[in-house]
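S.K.: First, the structure itself, so that you have it in front of you.
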Amino acid sequence: MMALSLGMATQLASAQTVHYPAGKSTFDSKCAVCHQAGGKGMDGLAPPLIEYPGKYADSNEGRAQLGHTVLYGMFGPIKVRDKSYNFKMPSFAALSDAEIADVLNYVVFDANAQHGNAKPFDAAEIQALRANTLDASAVHQQRDAVVKGLGL
Ligand code: HEC
């Protein structure tokens, strides 16, 4: 009886393993209001984050794009697969480098099934990205180049 319920608990836990719990907690409190739980997105409001970010994370340009999007926001129409979004992603520059690294790790490694050979983000990588101050429209322009470069 005891062994059975322990086994069941273990099974349940492994089905729901979150690799970046601190990132999930930031995501749930700051991002899910627009991007929805697990980053599944909402038509007309905010794009899903369960596919493109995982693909971005395997290239330098894509990683810079992810960091800059969270640091500086993004403004301007975008497409994710066949769907369009055109609303403003706010800036989260007030979060710490470690918080931004963690939330991106949650998005890339927990919410995205595919992330190639991407390595995790760390605070130093986010700190370096702060050297390049962009506004939300510049982040949008930069996204066009990244998406084209990846053939998305
Ligand atoms: C107020 C709503 C809102 C909140 C809160 C928000 N986002 Fe966004 N996010 C958006 C919108 C809208 C876009 C698309 C912007 C555009 O159309 O230019 C976006 C775009 C993105 C993208 C780029 C996706 C792509 O395909 O290039 C990433 C990554 C992202 N958000 C991550 C986050 C993270 C991480 C958080 C929390 C720290 C967050 N967002 C919080 C609305 C939001």
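Values in this text are rule-based calculations from the coordinates and carry no lab data. Only a predicted model underlies this, so the values are computations on that prediction, with no experimental measurement involved. As a convention, Cβ positions derive from the backbone with ideal geometry for all residues, glycine included, and neighbour counts pool all protein chains shown.
S.K.: If contacts are Cα pairs under 8 angstrom and at least 6 residues apart, what is the relative contact order of the chain in percent?
M.R.: Relative contact order of the chain: 28 percent.
S.K.: Let me ask something else about it. List the aspartates and glutamates whose Cα lies under 15 Å from the Cα of Lys88, skipping any in the same chain that are fewer than 8 positions away.
M.R.: Asp43, Asp135
S.K.: Can you compute the label reach from Asp43? Point 7 Å from Cα along the Cβ direction, backbone N cut-off under 13 Å, restricted to the range 66-96.
M.R.: 82-85, by backbone N distance to the label point.
S.K.: Expressed as an acute angle from 0 to 90° and rounded to the nearest 10, what is the orientation of the C-alpha long axis of helix 136-150 relative to the principal long axis of the chain?
M.R.: That works out to roughly 70 degrees.
S.K.: What FRET efficiency comes out for the pair Asp28/Thr133, r = Cβ-Cβ distance, R0 = 41 Å, nearest 0.05?
M.R.: Plugging the Cβ-Cβ distance into 1/(1 + (r/R0)^6) gives 0.90.
S.K.: Continuing with this model, one more query. Would you mind counting up the charge near Ser25? Only other residues with Cβ under 11 Å from its Cβ, with Lys and Arg at +1 and Asp and Glu at -1.
M.R.: Numbers: positive: Lys24, Lys30; negative: Asp28, Glu99, Asp102.
Net charge around Ser25: -1.
S.K.: Principal axis extents for the chain, Cα atoms only, whole Å, descending order, please.
M.R.: 60, 35, 28
S.K.: Where does the charge balance sit around Ile100 when Lys and Arg score +1, Asp and Glu -1, over other residues with C-beta under 13 Å from its C-beta?
M.R.: Once all neighbours under 13 Å are counted, the net charge is -2.
S.K.: With +1 on each Lys and Arg Cβ and -1 on each Asp and Glu Cβ, how big is the dipole of the chain about its Cα centre, in debye rounded to the nearest 20?
M.R.: 300 debye
S.K.: To test your reading of the geometry: what angle, between 0 and 90 degrees and rounded to tens, separates the Cα axis of helix 2-15 from the longest principal axis of the chain?
M.R.: Here the helix axis deviates by roughly 10 degrees.
S.K.: Any of Lys83/Lys119; Lys24/Lys79; Lys24/Lys119; Lys30/Lys148 with alpha carbons more than 23 Å apart? Name them for me.
M.R.: Lys83/Lys119; Lys24/Lys79; Lys30/Lys148
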